[in-house]
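Asks: This is the structure, below, for whatever I ask next.
The values are calculated or read from the model by the stated rules, or taken from the named source; none is laboratory data. All values derive from a computational prediction rather than experimental measurement. Here the Cβ positions follow ideal geometry from the backbone for every residue, glycine too, while neighbour counts run over all protein chains shown. Accessible surface is based on the protein model in full, side chains and every heavy atom, while ligands, DNA and RNA are left aside. Shrake-Rupley method; radii C 1.70, N 1.55, O 1.52, S 1.80 Å.
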Amino acid sequence: MAKNLSGDMQVASANRLSDGAVVFLDDFGQWTRRLDRAALARDKRTAEILLARARAEAASVVDPFLVAVTESGDGVLEPLSLREKIRASGLTFAAIAAEAVRYA
Amino acid sequence: MPDTHFYRYDDYDRALVGERVAQFRDQVRRRLAGELTEEQFKPLRLTNGLYLQLHAYMLRIAIPYGTLSSRQLRQLAAIARKYDRGYGHFTTRQNLQLHWIRLEDAPDAIAMLAEVDMHSIQTSGNCVRNTTADHFAGAAIDEIEDPRVWCEIVRQWSTLHPEFSFLPRKFKIAITGSPNDRAAVRVHDIGLRLWKNACDEVGFEVIVGGGLGRTPMIGKTIREFLPKDELLAYLEATLRVYNRYGRRDNLFKARIKILVHEIGAERMREEVEAEYAAMRDSALKLSPETVEAIARQFAPPVLRPRRTRVPEVEAMKLENRAFALWLKSNVAPHRVPGHAIVTASLKPAGAPPGDASSAQMEGVADIADAWSHGEIRVSHEQNLVLPHVAIESLPEVYRALEKLGFAEANVGKITDIIACPGLDYCALANARSIPVAQRISNHFAELARQHDIGDLKIKISGCINACGHHHVGHIGILGVDKNGVELYQLSLGGDVDFGKTALGTILGPAVESDKVVEAVEAMVATYLGARRPGERFVDTYRRIGAQPFKERVYGNS
């Protein structure tokens, strides 16, 4: 399902199939954990192409979709919505257990 | 310690769960190999309680009627440590959620569950979910009969029931065996209350069509007294009526509460009774032998009456103020003199409500083995309960819980907050719940003040689905998203006490996240200024109404 085809700057995101981790599609068609390496679509047409490419590369991920982002003066990307900020950055509080963190 | 006081799997259960593990292992293998699409795989993983949330897969594990042995709790701790991040979240449905499970590990995790007679089947989907019960079951002083026997009968009947595997929507049943309802039975799809009639017979009051979520409803009684041996026939009749008439055209109108609301309780009763008349003497009628065989498994531990007044306990009360407060709030009377029910608070100041690390789970299991006959309960208020503790052991249990951080003397108090995982984890949420709960908890952390404020239940949901039960909080807090900003709608006057079950009333405009603590403080101040001796927060609210609270929170403008 196409989301956020609003003309904002967008990146393609998904959850990784093997562990559900949040990933972004980079310029080389690879899925990366790093938002700063995500391919950036700056207009609606490019976003449509980016989403089509993400879907074509979806074997290792679940349900790719577009995420609206902003870009600061020095090129740092940040999702617009709180939900996507949390997806990109993780929990907004300290989880109870620091012990046995196997997959941090 | 062997699991002697509640149901243990027989060969049939073991085979069923074992087969499911093998099936799911193969399904996961095929998904990872690309042989199944996500569209094909999603219903299969959900059938096994595996959700995909914001950051990871989440495994929802059923804890039948909230009862755990120490062995089972240790196994949950081991699974969380081996396959998750070393902690889990106990939920309002007496389940445990592990929020960081890898898909490839999920079959091994549920195989470990099967080793201790547990599973994650029917923790998702439009089927009968885990039947919940009074967390003091089998120990409560006011109990008429242990509801877990009937929960187990319902579990066996509803597990993989072919007719009810694709209901219009999910279906939740709760059972209490006490007049003081600790299982919130009036806000479930079906609530069952065991009671004794004038002829001294025990049967069920059958309450249908309660629920929270988008359209909160208090359930309606459609049968005042149902003989116990007719329970399954009556449930089957009710589910059959719902399956036939429940709406499938609109997800938001598909729960049984909407059906009952639309056709009325009387018509619902007539439909159920007509269906029931055709099956009351069917194979679903429970034989005394069947019930007794299950009841035997729930035979309570042999507890001999002990001293009710123990000098060591009295001395410690005088020496240790926190212990004295803990005795008041976290220790409840037991049916056997000289024993008590202890609630381990999973709400230490500032902690995420309902979360426990693997080490903490193991610690509670050790305490249960040492002082509670190896038994633990999970409450729908997201705490753990040690149901059979000798009063003379209370100082030791307190100290042991203190080491785990679970001795906060706040059960039923303002920091004993129910909160759903919210937007930090959940794909459905609109706003965060846990950080709001943490701020309230830190603000009101001082125990003496909490006890001065008295019983006050705050319940927080991160979306209208109401997993945090905000509709029935004395203070309910609902997170909403308004143009990308988290706002929190406040409600007052909700309650789940039997006979007083009420839905909260929205106080006024939603407030910004950083104003929630201030608003709660204003409501508490209003209460403290107006209360009469013996009045709880909710009693004062009922007497004086919302206006004084509204004026204090929003000003007079």
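Asks: Heavy atoms only, probe 1.4 Å: what % of the accessible area of the range B:11-115 goes to carbon and sulfur, would you let me know?
Replies: On the way: 1760 of 3590 Å².
C and S fraction of accessible area: 49 percent.
Asks: Moving on to the next point. Give me the net charge of B:SER287's neighbourhood, meaning all other residues with Cβ under 13 Å from the Cβ of B:SER287; Lys, Arg count +1, Asp, Glu -1. Intermediate values should be presented prior to the final figure.
Replies: Values: positive: B:LYS228, B:LYS285; negative: B:ASP229, B:GLU230, B:ASP281, B:GLU289, B:GLU292.
Residues close to B:SER287 contribute a combined charge of -3.
Asks: Under a Cβ-Cβ limit of 4.7 Å, which cysteines in chain B have nobody to pair with?
Replies: When partners are defined as cysteine Cβ atoms under 4.7 Å apart, chain B leaves B:CYS127, B:CYS151, B:CYS199, B:CYS426, B:CYS463 without one.
Asks: Still on this structure: Can you give me the relative contact order of the range A:9-89 as a percent, contacts being Cα pairs under 8 Å and 6 or more apart? Numbers along the way, then the final one.
Replies: Working: 141 pairs, mean separation 26.4, N = 81.
Here the relative contact order equals 33 percent.
Asks: Give me the accessible area per residue for the range B:324-373, probe 1.4 Å, as a whole number in Å². Mind showing how you got there, number by number?
Replies: Details: 1210 Å² over 50 residues.
Accessible surface, normalised per residue, equals 24 Å².
Asks: In addition: What residues does the range B:100-118 have that are buried by at least 30 Å² of accessible area in the full protein assembly compared to the chain on its own, 1.4 angstrom probe?
Replies: B:ARG102
Asks: Quote the relative contact order of the range B:27-159 in percent (integer), defining contacts as alpha-carbon pairs under 8 Å separated by 6+ residues. Spell out each step's value before the answer.
Replies: Details: 186 pairs, mean separation 37.3, N = 133.
After rounding, I find 28 percent.
Asks: A follow-up question, please. Which loop-located trypsin sites (Lys or Arg not before Pro) does the range B:493-557 contain, where loop means any DSSP state but H, G, I, E or B and the Cβ has at most 14 other Cβ atoms within 10 Å? Numbers along the way, then the final one.
Replies: Numbers: sites: B:LYS500, B:LYS515, B:ARG531, B:ARG536, B:ARG542, B:ARG543, B:LYS550, B:ARG552; in loops: B:LYS500, B:ARG531, B:ARG536.
Those that pass, being in a loop and sparsely packed, are B:LYS500.
Asks: Distances over 27 Å make up what percent of all Cα-Cα pairs in the range B:418-554?
Replies: Values: 1311 of 9316 pairs.
It works out to 14 percent of all Cα pairs.
Asks: Which value, in square angstrom to the nearest 100, describes the accessible area buried between chains B and A on both sides, using a 1.4 angstrom probe? If you can, show how the numbers build up before the last one.
Replies: Working: alone 21630 and 6810 Å², together 25690 Å².
That pair of chains buries around 2800 Å² in total.
Asks: Taking H placed 1.01 Å from N in the peptide plane, check which residues at least 5 places from B:HIS339 or on another chain put their amide H under 5 Å from its amide H.
Replies: So B:HIS339 has HN proximity to B:ARG306, B:HIS334, B:ILE391.
Asks: Also, I was wondering about something else. What are the ³J(HN,Hα) couplings of the range B:430-435, residue after residue, when phi is run through the Karplus curve with 6.51, -1.76, 1.60 and θ = phi - 60°? Round to Hz, x for glycine and proline.
Replies: 9, 8, 7, 10, 4, x
Asks: With θ set to phi - 60° and the Karplus curve 6.51 cos²θ - 1.76 cosθ + 1.60, what are the ³J(HN,Hα) couplings of the range B:475-490 in order, to the nearest whole Hz, using x for Gly and Pro?
Replies: Values, residue by residue: 10, x, 10, 10, x, 10, 10, 10, 6, x, 10, 6, 10, 10, 8, 9 Hz.
Asks: Grab the DSSP H runs of chain B that are 4 residues or longer, score each as -39,500 (n - 2.57), total them, divide by all residues and round the 222 nm result to the nearest 500 deg cm²/dmol. Mind dumping the intermediate values first?
Replies: Details: 18 runs with 205 residues, N = 557.
Value at 222 nm, helices only, nearest 500: -11500 deg cm²/dmol.
Asks: Taking a ≥ b ≥ c as the square roots of the Cα gyration tensor eigenvalues, with a/c under 1.5 meaning rounded and otherwise prolate when a/b beats b/c, else oblate, which class fits the range B:324-465? Write down the numbers at each step before the final one.
Replies: Numbers: a/c = 2.15, a/b = 1.60, b/c = 1.34.
Prolate.
Asks: Under a 5 Å amide H to amide H cut-off, with H placed in plane at 1.01 Å, what residues pair with B:PHE90 once short-range neighbours are removed?
Replies: Distant-sequence amide H within range of B:PHE90: B:GLN97, B:ASP355, B:ALA356.
Asks: Given axes a ≥ b ≥ c from the Cα gyration tensor, I'd like to know whether the protein assembly as shown is rounded (a/c under 1.5), prolate (a/b larger than b/c) or oblate. Intermediate values should be presented prior to the final figure.
Replies: On the way: a/c = 1.45, a/b = 1.25, b/c = 1.16.
In terms of gyration-tensor shape, rounded.
Asks: Also, I was wondering about something else. Pop out the carbon and sulfur fraction of the accessible area of the range B:418-554 as a percent, whole number, probe 1.4 Å. Don't skip to the end; give the middle numbers.
Replies: Values: 2580 of 5120 Å².
After summing per-atom areas, the C and S share lands at 50 percent.
Asks: When all C-alpha to C-alpha distances in the range A:9-89 are sorted into bins of 5 Å, what percent of pairs does each bin hold, rounded to whole numbers?
Replies: For the range A:9-89, the pair-distance distribution reads 3, 17, 30, 28, 16, 5, 1, 0.
Asks: Taking amide hydrogens as modeled 1.01 Å from N in the peptide plane, which residues meet the under 5 Å criterion relative to B:VAL480, leaving out close sequence neighbours?
Replies: Amide H neighbours of B:VAL480, under 5 Å, 5+ apart: B:LEU487, B:TYR488, B:GLN489.
Asks: Further question on the same structure: Which whole-Hz couplings ³J(HN,Hα) result when phi for each residue of the range B:25-31 is put into the Karplus expression 6.51 cos²θ - 1.76 cosθ + 1.60, θ = phi - 60°, listed in order with x for Gly and Pro?
Replies: So the Karplus estimates, Gly and Pro as x, are 4, 5, 5, 5, 4, 5, 5 Hz.
Asks: Please state, rounded to one decimal and in Å, the Kirkwood hydrodynamic radius that the range B:1-112 gives when every pair of distinct Cα atoms enters the mean of 1/r.
Replies: Values: mean 1/r = 0.0670 Å⁻¹.
About 14.9 Å, per the Kirkwood formula over Cα pairs.
Asks: Checking the a/c ratio against 1.5 first, then a/b against b/c, what shape does the Cα gyration tensor give for the range B:140-297?
Replies: Because a/c hits 1.5 or more and a/b exceeds b/c, the range B:140-297 counts as prolate.
Asks: Work out the P(r) tail for chain B: percent of alpha carbon pairs separated by more than 42 Å, whole number. Intermediate results must be reported in sequence, preceding the final value.
Replies: Numbers: 25998 of 154846 pairs.
The share of Cα pairs beyond 42 Å in chain B comes to 17 percent.
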